[in-house]
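Chemist: Starting off with a structure, shown below.
The values are calculated or read from the model by the stated rules, or taken from the named source; none is laboratory data. Here the structure is a predicted model, which is why all the values come from computation and not from measurement. With ideal geometry, Cβ positions are generated from the backbone for all residues, glycine too; neighbour counts draw on all protein chains shown.
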There are 2 protein chains.
Amino acid sequence: MSQALYIGVDLGGTAIKTGLCSADGELIRIHEGPTQTELGTEAILNNIAAYVKELVPPGTPEWDRVQGVGIGIAGFLDIPNGIIEFSANLPFRNVPVKQLMEEKLGKPIKINNDANVAALGEAWGGAGKGVADCVCYTLGTGVGGGIIVNDRLIEGFSGMAGELGHMSVVPDLEAIQCGCGQMGCLETVSSATGIIRMAKDAVERGDRTSLSLVENIMAKEVFDAAKAGDEVASRIVSRAAFYLGKSMAAVAVIVNPRRFIIGGGVSKAGEFLFEQIREVFVKLTPERAHAGVDIVAAQLGNNAGVVGAAGLFLRA
Amino acid sequence: MSQALYIGVDLGGTAIKTGLCSADGELIRIHEGPTQTELGTEAILNNIAAYVKELVPPGTPEWDRVQGVGIGIAGFLDIPNGIIEFSANLPFRNVPVKQLMEEKLGKPIKINNDANVAALGEAWGGAGKGVADCVCYTLGTGVGGGIIVNDRLIEGFSGMAGELGHMSVVPDLEAIQCGCGQMGCLETVSSATGIIRMAKDAVERGDRTSLSLVENIMAKEVFDAAKAGDEVASRIVSRAAFYLGKSMAAVAVIVNPRRFIIGGGVSKAGEFLFEQIREVFVKLTPERAHAGVDIVAAQLGNNAGVVGAAGLFLRA
């Protein structure tokens, strides 16, 4: 099976990306096309099938080597049965995607949620390559995650394994409500959204900060101000880093990974952010669970999803 | 292999317990003898071999069915190589126990740490029977733990998976130092030792509590006083329960188990304690990660160790 190939699909609200991968997680080529959400469920599934066939034309020797097609989707999924129960940005409601796509493509289909799939992609073919136990954080609009133990993605009892953004880490007195309804989730302070909110709060209450001159504050502006020595911005970054490090300390005594991988837009802040996270992590973690553990940047960027979706056949 | 049998050994500082188990985790019979720590490493290993042979005499058909002997040990271990690096209550220093015991018994040997092994025993043959994803807490002098995912015990990169007692959960302002050197570990508030300490502190500072009349405060006295309505004792129990529930909320979004199993002396407080833990857990955990999840008492008591050690051959 050294000649085996795997196809991954990243099904998003605006674009469908497909990628062809080797059995050791190398991305051979990608293809991208519009989702056309407005045309409805059936049209979207036909688009996936069409783009997969454009990526690897049926009838070719390459097509025969394809062992399966994995699909990553943002939403609530019944993973074992391959059903999309609900998706916020796609019109699927209880659609048996696995069954329907197997009929259209004649290849085994697996589905999984987008954060898990991106984590698996990094672990398998990106920053975690060769490391059996890794945990990935994706810092974007929210905070996503994925847990890889002994080279395998963990799902958990109800598919909630790796939902790191909803770890309750902020103490009650300073906690705010998360989009999920719960108080004090990691996502409220360490996502781009959380960082922007803290910055806007500071400006609104009149804190002296260079951010008050910025028209449309994004996470990047907060990091740039912090790097330039702005104290208000520095405290916001420290707070985001503190709760990330604290959550990693919990992860370290639960699954004890060898490597933490940080991706998503916020991770572009790079070592400036990572150093602060490491300092907290080391302080809050027993020596035997932090010695030899590294915290590194993701490598695959927006391709992590297609690589991980392809990897579902070997690593899930 | 339905006729396969497994032997588990619980190697303690004063006693060595051995147990014979079926392939589905049923404990068939046990044997117990003194460790004789004072006689040194070689004598201890000979005692293990002698007790195993008393449990199942070599030459019998039963002996031929034994697939392996697992040993649970408190200490720092090199698990893959079967070496005891250090143990606080046994004279072993870098002893290749796996190799030496394989020579003595002619059966495959596996070793693992006592907390992991007890967790595996409960998951395999006790309160977790039939549940693929469980997390066990042992509340005794310290707080131990073990994580079972997809029916398998997780070790982690450096054997620190499931070290739940050293999750940093208490906020800085009220944190005290743990025996491990770190501040605010779960063990400082939710172990028997932690509960007794909080009670003694309350008595010493003159809080009005029925505990001030107790000569030698143990965890049981604190629970009894709380059940009788003593407000100081109630707050201590609430605090122990709060941090247990909070740590479980973290576990729930990391590995998302179906069941939490609580054992150890403190767990004898029963539903009075468990109800408070459940309330915190539900409050701090997203609905999809707490719905259908139960928190139950361990069932095997002191036999969890031998059952889990036997289970190392099927579930680790």
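Chemist: Let me confirm something: among B:Ile196, B:Ile217, which residue is surrounded by fewer than 24 Cβ atoms within 10 Å (Cβ to Cβ), part of a loop (DSSP other than H, G, I, E, B) and modelled with pLDDT of 95 or more? Spell out the reasoning first.
Modeler: Values: B:Ile196 fails: part of a loop (DSSP other than H, G, I, E, B).
One residue alone meets the criteria, B:Ile217.
Chemist: If you don't mind, another one. If a residue counts only when it is more than 14 Å from chain B (Cβ to nearest Cβ) and without any contact (Cβ under 8 Å) to a residue 24 or more places away in the chain, which strands (runs of 3 or more DSSP E) contained entirely in segment A:66-131 have at least 2 such residues? Quick ask: steps written out before the conclusion?
Modeler: On the way: elements: A:66-73, A:76-78, A:83-86, A:93-95, A:109-113.
Of the strands (runs of 3 or more DSSP E) lying wholly inside segment A:66-131, those with at least 2 residues that are more than 14 Å from chain B (Cβ to nearest Cβ) and without any contact (Cβ under 8 Å) to a residue 24 or more places away in the chain span A:93-95.
Chemist: Please specify each residue of segment B:154-176 satisfying the condition of being without any contact (Cβ under 8 Å) to a residue 60 or more places away in the chain and in a helix (DSSP H, G or I).
Modeler: Of everything in segment B:154-176, those that are without any contact (Cβ under 8 Å) to a residue 60 or more places away in the chain and in a helix (DSSP H, G or I) turn out to be B:Gly165, B:His166, B:Asp172, B:Leu173, B:Glu174.
Chemist: Could you go through segment B:295-302 and let me know if any residue there is under 19 Å from B:Lys17 (Cα atoms) and in a helix (DSSP H, G or I).
Modeler: yes
To keep it simple, each residue is scored yes or no on (1) acidic (Asp, Glu); (2) over 18 Å from A:Ala316 (Cβ atoms).
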{"site": "A:Glu42", "(1), (2)": "yes, yes"}
{"site": "A:Asn46", "(1), (2)": "no, yes"}
{"site": "A:Gly59", "(1), (2)": "no, yes"}
{"site": "A:Asn113", "(1), (2)": "no, no"}
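Chemist: Go through (1) surrounded by fewer than 22 Cβ atoms within 10 Å (Cβ to Cβ); (2) of a type in the set (A, V, I, L, M); (3) in contact with a strand residue (DSSP E or B) (Cβ under 6 Å, 6 or more places away or on another chain) and name the single condition A:Leu164 misses.
Modeler: All conditions pass for A:Leu164, except number (1).
Chemist: Return the total of residues in segment A:13-30 being within 19 Å of A:Leu312 (Cα to Cα), of a type outside the set (Asp, Glu) and in contact with a helix residue (DSSP H, G or I) (Cβ under 8 Å, 6 or more places away or on another chain).
Modeler: So the count comes out to 11.
Chemist: While we're looking at this one, here's another question. For segment A:115-132, name all the residues that are over 13 Å from A:Gly263 (Cα atoms) and surrounded by fewer than 24 Cβ atoms within 10 Å (Cβ to Cβ).
Modeler: Matches in segment A:115-132: A:Lys129, A:Gly130, A:Val131, A:Ala132.
Chemist: For B:Gly264, which of the numbered conditions (1) touching a His at 6+ places or on another chain (Cβ under 7 Å); (2) at pLDDT below 95 fails to hold?
Modeler: (1)
Chemist: Output the number of the condition that A:Ile254 fails; it satisfies all remaining conditions of (1) within 14 Å of chain B (Cβ to nearest Cβ); (2) buried (at least 24 other Cβ atoms within 10 Å of the Cβ); (3) in contact with a Phe, Trp or Tyr (Cβ under 6 Å, 6 or more places away or on another chain).
Modeler: (3)
Chemist: I'd like to know if segment A:226-245 contains one or more residues that are under 25 Å from A:Asp24 (Cβ atoms), away from chain B (no Cβ under 11 Å), within 22 Å of the chain's Cα centre (by Cα) and buried (at least 24 other Cβ atoms within 10 Å of the Cβ).
Modeler: no
Chemist: So A:Asn256 passes all but one of these: (1) within 18 Å of the chain's Cα centre (by Cα); (2) among the polar types (S, T, N, Q); (3) assigned to a loop (DSSP other than H, G, I, E, B). Which condition number does it fail?
Modeler: Only one criterion in (1) within 18 Å of the chain's Cα centre (by Cα); (2) among the polar types (S, T, N, Q); (3) assigned to a loop (DSSP other than H, G, I, E, B) is unmet by A:Asn256, namely (1).
Chemist: Separate question: Being acidic (Asp, Glu) and touching a Lys or Arg at 6+ places or on another chain (Cβ under 6 Å) is the filter here, so list the residues in segment A:247-295 that pass it.
Modeler: The first filter runs over segment A:247-295 and keeps only residues acidic (Asp, Glu), leaving A:271, A:275, A:279, A:287, A:294.
Once the filter is applied, which keeps residues that are acidic (Asp, Glu) and touching a Lys or Arg at 6+ places or on another chain (Cβ under 6 Å), segment A:247-295 yields only A:Asp294.
Chemist: Sticking with this structure for a sec: So A:His166 fits all but one of (1) within 11 Å of chain B (Cβ to nearest Cβ); (2) under 20 Å from A:Tyr6 (Cβ atoms); what number is the exception?
Modeler: The one condition A:His166 does not meet is (2).
Chemist: Filter segment B:141-153 down to the residues that are assigned to a loop (DSSP other than H, G, I, E, B) and more than 18 Å from B:Gly263 (Cβ to Cβ), then identify the one that is nearest to the other protein chains (Cβ to nearest Cβ).
Modeler: Here the residue is B:Asn150.
Chemist: Also, I was wondering about something else. Among the numbered criteria (1) of a type in the set (Gly, Ala, Ser); (2) in contact with a Ser or Thr (Cβ under 6 Å, 6 or more places away or on another chain); (3) over 24 Å from B:Arg315 (Cβ atoms), which one does B:Ala50 miss?
Modeler: Exception for B:Ala50: condition (2).
Chemist: Looking for whichever is in the same structural domain as B:Asn113 (by TED's automatic domain parsing), touching a strand residue (DSSP E or B) at 6+ places or on another chain (Cβ under 6 Å), surrounded by 20 or more Cβ atoms within 10 Å (Cβ to Cβ) and of a type in the set (A, V, I, L, M) here; the options are B:Ala309, B:Ala249. Which one fits?
Modeler: Step by step, each of B:Ala309, B:Ala249 is checked, and only B:Ala309 is in the same structural domain as B:Asn113 (by TED's automatic domain parsing), touching a strand residue (DSSP E or B) at 6+ places or on another chain (Cβ under 6 Å), surrounded by 20 or more Cβ atoms within 10 Å (Cβ to Cβ) and of a type in the set (A, V, I, L, M).
Chemist: So which residues in segment B:158-199 are charged (D, E, K, R) and over 15 Å from B:Ala240 (Cα atoms), if there are any at all?
Modeler: B:Glu163, B:Asp172
Chemist: Between A:Ser238, A:Ser247, A:Ser267, which is in a helix (DSSP H, G or I), polar (S, T, N, Q) and more than 24 Å from A:Glu174 (Cα to Cα)? If you could, list the steps in order and put the result at the bottom.
Modeler: Working: A:Ser238 fails: more than 24 Å from A:Glu174 (Cα to Cα); A:Ser247 fails: more than 24 Å from A:Glu174 (Cα to Cα).
Only one candidate passes the filter, namely A:Ser267.
Chemist: Right, another one. Of the conditions (1) within 14 Å of another protein chain (Cβ to nearest Cβ); (2) not in a loop (DSSP other than H, G, I, E, B), B:Ile262 clears all except one; give me its number.
Modeler: (1)
Chemist: Take the residues in segment A:291-302 that are surrounded by fewer than 19 Cβ atoms within 10 Å (Cβ to Cβ) and in contact (Cβ under 8 Å) with a residue 24 or more places away in the chain; name whichever of them is farthest from the chain's Cα centre (by Cα).
Modeler: Residue satisfying both the conditions and the ranking: A:Gly292.
Chemist: Go over the candidates B:Gly72, B:Gly33, B:Gly82, B:Gly59 one by one and state the one that is crowded, with 20+ Cβ neighbours inside 10 Å and either out of contact with any Pro (no Cβ under 9 Å at 6 or more places or on another chain) or among the charged types (D, E, K, R) (or both).
Modeler: So the residue among B:Gly72, B:Gly33, B:Gly82, B:Gly59 that is crowded, with 20+ Cβ neighbours inside 10 Å and either out of contact with any Pro (no Cβ under 9 Å at 6 or more places or on another chain) or among the charged types (D, E, K, R) (or both) is B:Gly72.
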